[in-house]
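Here the structure comes first, spelled out in structure tokens, and everything after it is commentary.
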Amino acid sequence: MLISDPLYGEFEIDGLLEELIVSKPVQRLKEIHQAGAGFLVNSKWTISRFEHTVGVMLLIRQLGGSLQEQVAGLLHDVSHTAFSHVVDVVLENEAEDYHEAIFMDVIKQSSIPAILEKYGYEVENILDTSRWSLLEQPAPALCADRIDYTLRDMYFYGNLALEDIQKFLQDLFVFQGKLCVKTIERAEWFVKIYYQEVLDFFLHPLNIYATSSLAHVLKLSLAKQILTLEDFLKTDHEVMQQMKASHDRDVQALLQQLHENVEVREEQENHDIHFRNKVRLIDPAIYHQQRLWKASEVSNYVKAMNVSALERFEQGVYVKIINEELS
């Protein structure tokens with residue numbers, strides 16, 4: 001299998017990774033939108049969990065990660081429910097980790113354990129993400145997961161040039177098992193881009209409207225037993241069709257408010273929605289003078305961005321609905 005990725009280039013994939021990529025659980029991710037409900041109000045927000053999870057695998061490979069860690073990277077989002085993190089709003093899960101809580105149960109009930117065992121791997125060992133320092137790190141450290149979703153979203157949504165991405169990737173390396181960058185310049189660049197992702201994009205008023213509105217209709221569908229929590233392990237399209245097929249008037253009315261003609265703006269006074277999500281800060285490690293430093297220790301710019309970002313996360317976003325009628 002030849003994979004051509006716009007961020008990382010071309011890679012030949014075979015054996016275990018190829019079998020996992022074509023498996024049903026991984027292919028399902030092609031129909032799970034990474035931006036959750038955003039695609040319902042902006043047809044450009046279409047990056048899928050599949051694109052991201054394959055990207056994480058490729059980035060780990062490019063950084064010299066083992067086959068086992070590449071597998072863990074490829075599979076780390078398999079348990080994401082329909083509409084990604086919208087389920088966390090539905091369940092009022094402030095940690096935004098429902099997919100992590102059900103991860104092993106979803107994996108064990110799929111074809112994945114048999115594929116892993118065929119190649120001599122135990123599912124519990126290879127999918128213990130705490131073993132893989134490139135794949136995941138506690139915030140605010142760099143990790144392949146954070147790097148890929150940031151670069152991928154910002155590139156495809158027109159906020160990044162490929163040339164700048166390549167400069168960053170060339171500056172990225174592994175020291176004592178941890179991801180870091182060689183220069184303060186690249187660290188500052190990534191911090192700026194990361195906050196464009198988690199603040200300007202994740203908390204974009206239109207994105208917040210879509211998340212809030214879809215969470216409302218999903219909650220209602222659960223209450224009316226149109227959906228069960230198990231249905232969230234279907235695709236975005238399948239769950240949406242299941243709600244539409246119910247012909248429930250209240251559900252249909254709410255679904256009709258999710259379209260591309262919606263107009264909203266950020267406005268604290270007389271707002272219709274106040275939304276706060278998980279705090280996501282970043283403070284990349286820099287290799288400087290033969291040791292690792294947090295970027296905020298050597299860059300006042302990074303320190304100031306982190307202070308500003310924390311304030312914005314704590315305040316949340318206030319959204320005023322201007323128009324939600326389908327013209």
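Before moving on, here are some points about what is shown:
- Applying both filters, DSSP loop and at most 10 other Cβ atoms within 10 Å, to the GluC sites (Glu not before Pro) of the range 189-271 gives E269.
- For the range 73-79, 3J(HN,Hα) per residue [Karplus equation, 6.51 cos²θ - 1.76 cosθ + 1.60, θ = phi - 60°, Hz, x = Gly/Pro]: x, 5, 9, 5, 10, 4, 8
- In the full protein context, the range 177-327 carries 53 Å² of accessible surface per residue, based on a 1.4 Å probe and ignoring ligands, DNA and RNA.
- For the range 105-170, applying the loop criterion from DSSP together with a ceiling of 14 other beta carbons within 10 Å to the GluC sites (Glu not before Pro) yields E122.
- C-alpha center-to-center spacing [the range 79-95, the range 218-265] in angstrom: 14 Å
- Length-normalised contact order of the range 26-123 in % [C-alpha pairs under 8 Å, at least 6 apart]: 23 percent
- Filter on K178/K278; K219/K278; K44/K182; K30/K244; K219/K320 - keep pairs with C-alpha separation over 26 Å: K44/K182
- Dipole in debye (nearest 20) - the range 105-234, about Cα centre, beta carbon charges: Lys, Arg +1; Asp, Glu -1: 160 debye
- GluC sites (Glu not before Pro) restricted to the range 37-100 and DSSP loop, no more than 14 other C-beta within 10 Å: E92, E94
- Which of Q62, L29, N93, positive extreme of dipole for the range 1-105 (C-beta unit charges): L29
- A Förster distance of 41 Å, applied to the separation of the beta-carbon atoms of E325 and K303, puts the FRET efficiency at 0.35.
- Label zone (D200, point 7 Å along Cα-to-C-beta; backbone nitrogen cut-off 16 Å) within the range 143-183: 150-162, 164-165.
- Q62 paired with T46, simple spin-label distance in nm, labels 7 Å along Cα-to-beta-carbon: 2.3 nm
- About its Cα centre, the chain has a charge dipole of approximately 360 debye under the convention of +1 per Lys or Arg Cβ and -1 per Asp or Glu Cβ, with nothing else charged.
- Under the shape rule built on the C-alpha gyration tensor, where the axes satisfy a ≥ b ≥ c, the chain is oblate, since a/c reaches at least 1.5 while a/b does not exceed b/c.
- The length gained on full extension between E12 and Q176, counted as 0.36 nm times the residue separation minus their Cα-Cα distance, comes to 56.3 nm.
- Whole-percent carbon and sulfur share, accessible surface of the chain, 1.4 Å: 46 percent
The values are calculated or read from the model by the stated rules, or taken from the named source; none is laboratory data. Remember, predicted model here, so these are calculated numbers, not experimental data. Positions of Cβ are backbone-derived with ideal geometry, glycine not excepted, and every protein chain shown enters the neighbour counts. Accessible surface is based on the protein model in full, side chains and every heavy atom, while ligands, DNA and RNA are left aside. Shrake-Rupley method; radii C 1.70, N 1.55, O 1.52, S 1.80 Å.
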